[in-house]
Amino acid sequence: MAILKVARLGHPVLRQPADPVPVEAIRTPEIQRLIDDMVETMREYSGAGLAANQVHTLKQICVIEVKDNPRYPEGESIPLTVLINPVVTPLSTDMEDGWEGCLSVPDMRGVVPRHTAVRLEAYDRLYERARVMPGRDSTRAACTKAGAVSTTVASQAASPPVSKRSGTSSTTTGSRRIRARARKALDERRTRG
C-alpha cells in the first residue's frame, strides 16, 4: 500500500467528472490496490473520507471512515465504507447547514448545505450492491464523498448539486462562504492584534 498525493483546491482534476467503474473491474487487482491506497491515505491525513478524484484518479470511488479521528472528535462513528459508482438520491427537500472539512482544502472548514435525508446506492469493494439510508451525521459523510462534495470533487456527475436557496451549486456557494469566513476571521485578528 502507498500514501497517495492529495490534490489541493484549484487543481483541475477536482473539477472533472469521474468515470464509473465497470462492474466487472471492481475485483481487479488495480481497483483493489487503489482502494487500499485510498484508505491508507485517508487514515494518514486523519480524513473522514476521500474520493478518487482527490488522489488524481478519475474513477467513481470513495472511502469513508470516522473512528477515533482527531479532526472529528465528536463525529458519529462510521465504519470503513467503500463506495463505488455511488448514486445519491435526496429523500427530502429539507436542507441543513453543517461545517465540513476536506483534505483538498487543508486547515479550513466551510458551512455547506446538505439534504437531511438521502438514499445512497453503490457497489462495495466485494462487488456487492449496497443500499443505505444513513442517519444525520452519516448522511453528511455519504453526501460529501458520494457525489455532493462541497468544494472539491464531483464524483457522481459533472456538475455539483444545486443549492435550494440560491440556485447556485454547492461548490460555488461553499467556496464563497469559505472565503467570506476566512476574510472575517482575518479582519477580527487584525482588529484584536
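The values are calculated or read from the model by the stated rules, or taken from the named source; none is laboratory data. Predicted model only: the values in this text are computed from it and were never measured. Note: ideal-geometry Cβ built from the backbone for every residue, glycine included; neighbour counts use all protein chains shown. SASA here: full protein model, heavy atoms, side chains in, ligands and nucleic acids out. Shrake-Rupley method; radii C 1.70, N 1.55, O 1.52, S 1.80 Å.
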Q) If 4, 9, 14 are ordered by their accessible area, calculated over protein heavy atoms with a 1.4 Å probe, which sequence runs from highest to lowest? A) 9, 4, 14
Q) According to the square roots a ≥ b ≥ c of the eigenvalues of the Cα gyration tensor, what is the shape class of segment 1-61, taking rounded for a/c under 1.5, prolate for a/b larger than b/c otherwise, and oblate for the remainder? A) oblate
Q) R0 = 30 Å: FRET efficiency of residue 108 with residue 67, Cβ-based, nearest 0.05? A) 0.85
Q: State the extension gain, in nm to one decimal, for the chain segment bounded by residue 23 and residue 116, taking 0.36 nm per residue of separation less the distance between their alpha-carbons.
A: 30.5 nm
Q. Using 0.36 nm per residue, how much length does the chain from residue 9 to residue 93 gain when fully extended, once their Cα-Cα distance is taken away?
A. 27.3 nm
(Q) Quick check: from the Cα gyration tensor, does segment 78-132 come out rounded (a/c under 1.5), prolate or oblate? (A) oblate
(Q) Please compute the modelled spin-label separation between residue 40 and residue 1, points set 7 Å along Cα→Cβ, answer in nm with one decimal. (A) 0.7
Q) Normalised by the residues of segment 1-141, what does the relative contact order come to in percent, with Cα pairs under 8 Å and at least six apart? A) 22
Q | Value of D in µm² per second that Stokes-Einstein yields for segment 24-104, Kirkwood Rh from Cα pairs, at 37 °C (0.692 mPa s) | A | 235
Q) Among 93-101, 33-41, what's the highest-first ranking by average C-beta atoms within 10 angstrom per residue? A) 33-41, 93-101
